[in-house]
Amino acid sequence: MNAPIRTSRQLTFIYFAIVAFAIITFHFAMIDTMIETMERVYAKERISKDVEEAKIYFHHHGEKKVVLSKMSRAYLGDESLPSYVLFPESVKSGEVVELIQGYKPNLEMFGVKEQYIDEKGIERNLYLVHYDEVYEASEGKVFKNQFIQLSISILLLFVSLIVVLLIARRLTQPLSNLTRYLENRATDDQSAIPVPDGIVTREIVLLVNQLNLLQEKNARLIERERAFNRRASHELRTPLMVIRGAANLLKRKVTSEFEQRQVHRLEQATHEMTDYIETLLMLSQIDREMDELVEINVSRKEVQEWITHFDDLHVTSKTSQVSFELTMPDDVLFAMPLPAFKIVVVNLLKNAFEAVIHGVESLDEEQVISLDVSNHKFGLMDSGEGLSGTHNPDGHGLGLVIVKDICNQYGYQFELSERVGSYGCVAIVEKPSEQGTNVH
């Protein structure tokens, strides 16, 4: 599933929110780490001094525990250690650790375990426990002060976010206006695109100028193509009529089979040239909006006549039997003019026929070209060379180029794919979604 396309303001908000969250998280982590580190360093320095005092005291006195200060207590031997003081089992000698259970529920305690040898040479464990209520109270005040500072920082970040969004809105407003203008602009509008309102930057002006240059260039190319198609089509019609007339006269007089075959090839060539000229002339006159198109009824009889006529024209080019199978109801609907649909069918037939003739190595067996027609969908399947090897994406001649052009003009999709499990190709012309059109 494709991700949604967000606006510039949404992206600005998301990126700013990520940065703000990272700053706040870093701030919290830094405060917590700093306080914990300072507390551990302080406890370690204090314990190192108290341990030496405890060793001197135990050396001169026979007691097993001593209160060194309000914050430190020392114990000699495991049996003298209070039950509420629990050292980790894996504690090493001389290592300052945070105790599992403290003197008070909310009071952190640190301790150290060291080896002590008394005057009799007996090695015993010396434990020193340190806790500082004043530091704990100060720690809470530090957190409180930091929380106030953090609240102020969050408020400043919120104000900064509003300012950034306003700046982004002012900067992107011309681009948004230009986008809305282009969305509402008619597809056949060739007038110059105006510079949008708002704070106009150099980039916006360059973008509008480039769009106008591109539009002007496309308009010239389209008009030149249409003018060429109109003029070339009209100029070629006259010599083609002369050639067709001469072919009809020759057809009455020739007697040999060789001469008749040449006359038939001449007629076939003039018919194909006439179809191409009519197609180019029609494409140059296409200038209608999609919502103005009407659906037409195409009968099975008409499609069958196109197939039969195509088969008759190319009968002399076949070196094997090529049959056509048509699957179609009595009437179907298509949202394009009937001549355009005929051009699509005939050109796909020609492309499939040429693929079969040039692509099949053995021409002894009968080759089948299947046609399947339904509402707003036309499918054709052949047994030719397929898309591998020397495949030309434009097909044979101008056939597929014309089909693609017609499909683009009338909102249809054209797809040419490899035939699954066999030789040949599958060509499909289909409307992606039914649109509201009037039946004619």
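The values are calculated or read from the model by the stated rules, or taken from the named source; none is laboratory data. Everything quoted here is computed from the prediction, not taken from an experiment. All Cβ positions, glycine included, derive from the backbone under ideal geometry; neighbour counts span all protein chains shown. Heavy atoms of the whole protein, side chains included, go into the accessibility calculation; ligands, DNA and RNA do not. Shrake-Rupley method; radii C 1.70, N 1.55, O 1.52, S 1.80 Å.
The residues of region 56-80 that are among the charged types (D, E, K, R), surrounded by 11 or more Cβ atoms within 10 Å (Cβ to Cβ) and either touching a residue at least 40 places away in the same chain (Cβ under 8 Å) or assigned to a helix (DSSP H, G or I) (or both), listed by number, are 73, 78.
Screening residue 108 against (1) at pLDDT 75 or above; (2) in a loop (DSSP other than H, G, I, E, B); (3) under 21 Å from residue 49 (Cα atoms) leaves a single unmet condition, (1). Can you name the residue in region 177-190 that is in contact with a helix residue (DSSP H, G or I) (Cβ under 9 Å, 6 or more places away or on another chain) and modelled with pLDDT of 80 or more and is also most open to solvent (accessible area, probe 1.4 Å) among such residues? Step by step, filter region 177-190, then rank; the result is 182. Within region 38-55, restricting attention to residues that are more than 12 Å from residue 130 (Cα to Cα) and over 60 Å from the mean Cα position of the chain (by Cα), the residue that is least open to solvent (accessible area, probe 1.4 Å) is 54.
Here is a yes/no grid of residues against (1) open to solvent by 90 Å² or more (accessible area, probe 1.4 Å); (2) outside any helix (DSSP H, G or I); (3) of a type in the set (Phe, Trp, Tyr):
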{"site": "166", "(1), (2), (3)": "yes, no, no"}
{"site": "200", "(1), (2), (3)": "no, yes, no"}
{"site": "208", "(1), (2), (3)": "no, no, no"}
{"site": "216", "(1), (2), (3)": "yes, no, no"}
{"site": "219", "(1), (2), (3)": "no, no, no"}
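The set of residues from region 364-380 being at pLDDT below 90 and either within 32 Å of the chain's Cα centre (by Cα) or within 19 Å of residue 343 (Cβ to Cβ) (or both) comprises just one member, 369.
Of all the residues in region 384-403, those that are buried (at least 20 other Cβ atoms within 10 Å of the Cβ) and either modelled with pLDDT under 80 or charged (D, E, K, R) (or both) number 4.
Working only within region 281-305, note down all residues that are open to solvent by less than 50 Å² (accessible area, probe 1.4 Å), in a helix (DSSP H, G or I) and modelled with pLDDT of 80 or more. Scanning region 281-305 gives a single hit, 303. The condition (being assigned to a loop (DSSP other than H, G, I, E, B) and either modelled with pLDDT of 75 or more or under 28 Å from residue 60 (Cβ atoms) (or both)) is satisfied by just one residue among 127, 116, 103: 103. Within region 183-212, the set of residues being over 15 Å from residue 170 (Cα atoms) and of a type in the set (S, T, N, Q) comprises 184, 187, 190, 191, 209, 210, 212. Among the candidates 49, 55, 64, the residue that is at pLDDT 75 or above, among the basic types (Lys, Arg) and within 22 Å of residue 98 (Cβ to Cβ) is uniquely 49.
Among the residues of region 405-440, those identified as open to solvent by 90 Å² or more (accessible area, probe 1.4 Å) and at pLDDT 80 or above are 408, 413, 415.
So that you can scan it fast, the table gives a plain yes or no per residue for (1) in a helix (DSSP H, G or I); (2) under 23 Å from residue 403 (Cβ atoms); (3) at pLDDT below 80:
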{"residue": "231", "(1), (2), (3)": "yes, no, yes"}
{"residue": "236", "(1), (2), (3)": "yes, yes, yes"}
{"residue": "239", "(1), (2), (3)": "yes, no, no"}
{"residue": "246", "(1), (2), (3)": "yes, no, no"}
{"residue": "258", "(1), (2), (3)": "yes, no, no"}
{"residue": "279", "(1), (2), (3)": "yes, yes, yes"}
